[in-house]
1. Along Cα→Cβ, 7 Å out, is where each label goes; now give me the distance between the ones at Leu170 and Glu128 in nm to one decimal.
2. Can you check what the Kirkwood hydrodynamic radius comes to for the range 8-54, Cα pairs only, in Å to one decimal?
3. Rounded to the nearest 0.05, what FRET efficiency is calculated for Arg77 and Thr49 with R0 set to 22 Å and r the Cβ-Cβ distance?
4. Over all alpha-carbon pairs of the chain, lay out the pair-distance distribution in 5 Å bins, whole %, shortest bin first.
5. For the chain, with all protein chains present and a 1.4 Å probe, just round the carbon and sulfur fraction of the accessible area to a whole percent.
6. In the range 86-186, which chymotrypsin sites (Phe, Trp or Tyr not before Pro) fall in coil by DSSP and have 15 or fewer other Cβ atoms within 10 Å?
7. Please compute, over every Cα-Cα pair in the range 1-93, the percentage with a separation greater than 21 angstrom.
8. I need the per residue convex hull volume for the range 105-144, using only the alpha carbons, in cubic angstrom as a whole number.
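The values are calculated or read from the model by the stated rules, or taken from the named source; none is laboratory data. The shown structure was predicted, so the numbers you read here are calculated from the model rather than taken from an experiment. Note that each Cβ is placed from the backbone with ideal geometry, even for glycine, and that neighbours are counted across all protein chains shown. Quick note on the areas: whole protein, heavy atoms, side chains included, nothing else; ligands and nucleic acids left out. Shrake-Rupley method; radii C 1.70, N 1.55, O 1.52, S 1.80 Å.
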Amino acid sequence: MTLRRLILWRHGETDYNAAGRMQGQLDSKLTEVGWKQAKFAAPALARFTPDLVIASDLRRATDTATVLTEAFELPLRLDKRLRETHLGEWQGLTGADVDERHPGGRERWRLDATWAPPGGESRLEVAERAYEVVADLLNGEERVETVLFVAHGGLILALTAKLLRLPIGLWPSLGGISNCHWVDLTRQDGTWRLRAYNAGIIG
């Protein structure tokens, strides 16, 4: 078996999400709502019957992943390459704080995948390190067909754009990923295809 399906699942709501703060690689924690989101979504994710779950080592992703893996007895691996975008000087700030200190910066960051916040990473850099995890699965001897990543909104967007080989100028056309929503990608003849984007359970 070789990797043919990849599910990219965003973590549940965190205390920083609830407060409107930019997390980046700060190690925020799930709120009570976030835990409930993960428990509600887990059965739907289990129906993909993943051979392996790989999560970012940041607590919000790891905790979300364990809700699924413990309930359905799935193997879990942690990988720091799936961490969220490092936001440099913006980490921990609200959007209003960033706008005051770096006018126009958030809009430029949203529209230009090659641009990074001061001291942080660009979306291109994030996509490259995340793709290393996919490449390891494709080139390794591990027998996996469906793998589920538990990661972060910015990383999921960047990795999806790279796997679909979107021109860099079109990366901003992909919208955000809601808490505990996912992307569904399949691979055939060496080409990745998008089956669902920002999918989730309504309830």
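1. 2.3
2. Answer for the range 8-54: a Kirkwood hydrodynamic radius of 11.9 Å.
3. Efficiency computed from Cβ-Cβ geometry: 0.85.
4. 1, 8, 16, 21, 21, 16, 10, 5, 2, 0, 0
5. C and S fraction of accessible area: 48 percent.
6. Trp115
7. Everything past 21 Å amounts to 32 percent.
8. So the per-residue hull volume is 72 Å³.
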